[in-house]
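What follows is a single structure, written as structure tokens, with notes after it.
The values are calculated or read from the model by the stated rules, or taken from the named source; none is laboratory data. From a predicted model like this one, the values you see are computed outputs, not experimental measurements. Here the Cβ positions follow ideal geometry from the backbone for every residue, glycine too, while neighbour counts run over all protein chains shown.
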Amino acid sequence: MTLRELEYLIALAEHRHFGRAAEACHVSQPTLSTQIRKFEDELGAPLIERTARSMMLTPFGQDAVARARRILEEVGEMRRAALRCRDPETGSLKLGIFPTLGPYLLPHVVRRIRERFPELETLLVEEKSESLISRLREGKLDAAVLALPVDDDRLQTEFLFEERFLLAVPATHKLAKRDELSLGELDGHDLMLLEEGHCLREQALDVCRLAGARERSSFRATSLETLRQMVGADVGITLLPELAARQPSPAQIRLLRFKGATPTRRIALCWRKSTAMGGFLKETAVLLRDVAHELLSEINQD
């Protein structure tokens with residue numbers, strides 16, 4: 001059994017096609033097929049169920065893929081540990097972040113990381129939270145910025161900051177002349193929300209339940225910027241996180257703060273507890289926290 005055979009098996013599980021898996025592994029299809037058969041012979045059990053037109057993993061194959069991922073993750077951690085021992089601020093950092101925070105935090109963070117760690121290569125991934133957590137578990141990311149709570153015993157979470165929500169309304173709306181409102185004043189209002197899969201959607205739904213508001217079922221946006229533009233077009237109202245509100249909004253939009261019980265979301269940096277990069281990632285968390293606090297302080301001074 002070799003690490004290369006484990007990589008072939010994982011590629012086959014991901015692509016469900018011998019040709020595409022071979023291409024992803026930069027080998028010929030016959031080479032990959034031969035190695036998979038050799039691997040099956042060594043194990044004494046079938047990994048793949050083959051037909052003329054398709055292939056699928058056997059139950060044993062699915063278990064083997066899960067084990068292979070864990071093995072390669074540990075090997076990757078070993079290699080990164082060796083690199084960190086030589087120089088903890090070189091190499092690469094694969095950092096994930098979810099899309100309703102990325103555009104508003106990453107540009108400021110990347111500049112600061114480059115200043116602090118000039119020899120570090122930063123590889124950024126922006127995806128929905130569920131995908132980021134999956135990539136973390138599989139070792140495809142070193143760390144990810146996520147909204148709490150994150151319920152996974154394998155992950156270490158380092159709290160970064162708490163971000164308030166603002167209410168965005170059209171300039172023609174009856175609330176537009178207000179500077180602030182209580183959460184209870186949303187009772188009976190319909191709010192435009194993001195589509196399924198965004199953590200911000202779940203957070204906004206929690207606010208709706210607390211306030212007695214409802215989701216506007218006729219429209220679901222794919223991004224915060226779509227929501228912002230729809231408010232500007234006088235289509236409806238929505239919630240915007242505080243950092244997103246730093247972006248210039250159309251003149252047709254008014255942003256209202258909540259008084260009293262203010263809805264918020266809590267943000268953390270997460271990484272595998274087994275990683276050799278723990279010390280370095282804690283230092284990175286301090287940097288992220290400082291940047292976020294500076295940005296939020298600027299908002300509060302406006």
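Just for segment 125-165: of the residues that are touching a Pro at 6+ places or on another chain (Cβ under 8 Å) and within 21 Å of Leu255 (Cα to Cα), which one is surrounded by the fewest Cβ atoms within 10 Å (Cβ to Cβ)?
Arg164
With respect to Leu200, determine if the residue is touching a residue at least 24 places away in the same chain (Cβ under 8 Å), among the hydrophobic types (A, V, I, L, M, F, W, C) and under 30 Å from Gly139 (Cβ atoms). Walk me through it before giving the result.
Working: touching a residue at least 24 places away in the same chain (Cβ under 8 Å): yes; among the hydrophobic types (A, V, I, L, M, F, W, C): yes; under 30 Å from Gly139 (Cβ atoms): yes.
For Leu200, the condition - touching a residue at least 24 places away in the same chain (Cβ under 8 Å), among the hydrophobic types (A, V, I, L, M, F, W, C) and under 30 Å from Gly139 (Cβ atoms) - is met.
Which numbered condition trips up Thr262, out of (1) within 26 Å of Gly188 (Cα to Cα); (2) in contact (Cβ under 8 Å) with a residue 60 or more places away in the chain; (3) part of a helix (DSSP H, G or I)?
(3)
Any idea how many residues of segment 111-132 are without any contact (Cβ under 8 Å) to a residue 60 or more places away in the chain and either more than 16 Å from the chain's Cα centre (by Cα) or more than 25 Å from Leu200 (Cβ to Cβ) (or both)?
Of the residues in segment 111-132, the ones without any contact (Cβ under 8 Å) to a residue 60 or more places away in the chain are 111, 114-115, 117-127, 131-132.
Restricting the remaining residues to those that are either more than 16 Å from the chain's Cα centre (by Cα) or more than 25 Å from Leu200 (Cβ to Cβ) (or both) gives 111, 114-115, 117-121.
So the count comes out to 8.
Examine segment 117-131 for a residue that is over 25 Å from Leu295 (Cβ atoms) and either modelled with pLDDT under 85 or touching an Asp or Glu at 6+ places or on another chain (Cβ under 8 Å) (or both), and state whether such a residue exists.
Yes: one or more hits.
Going residue by residue through segment 15-28, is there one that turns out to be outside any helix (DSSP H, G or I), surrounded by 15 or more Cβ atoms within 10 Å (Cβ to Cβ), modelled with pLDDT of 90 or more and of a type outside the set (S, T, N, Q)?
For segment 15-28, residues outside any helix (DSSP H, G or I), surrounded by 15 or more Cβ atoms within 10 Å (Cβ to Cβ), modelled with pLDDT of 90 or more and of a type outside the set (S, T, N, Q): present.
Mind listing whichever residues of segment 33-63 are in contact (Cβ under 8 Å) with a residue 40 or more places away in the chain and in contact with a Ser or Thr (Cβ under 9 Å, 6 or more places away or on another chain)?
none
Considering Ala45, Ala68, which residue is over 20 Å from Leu155 (Cβ atoms) and more than 32 Å from the chain's Cα centre (by Cα)?
Ala45
What single numbered condition from (1) part of a helix (DSSP H, G or I); (2) over 29 Å from Thr122 (Cα atoms); (3) not aliphatic (A, V, I, L, M) fails to hold for Lys282?
(2)
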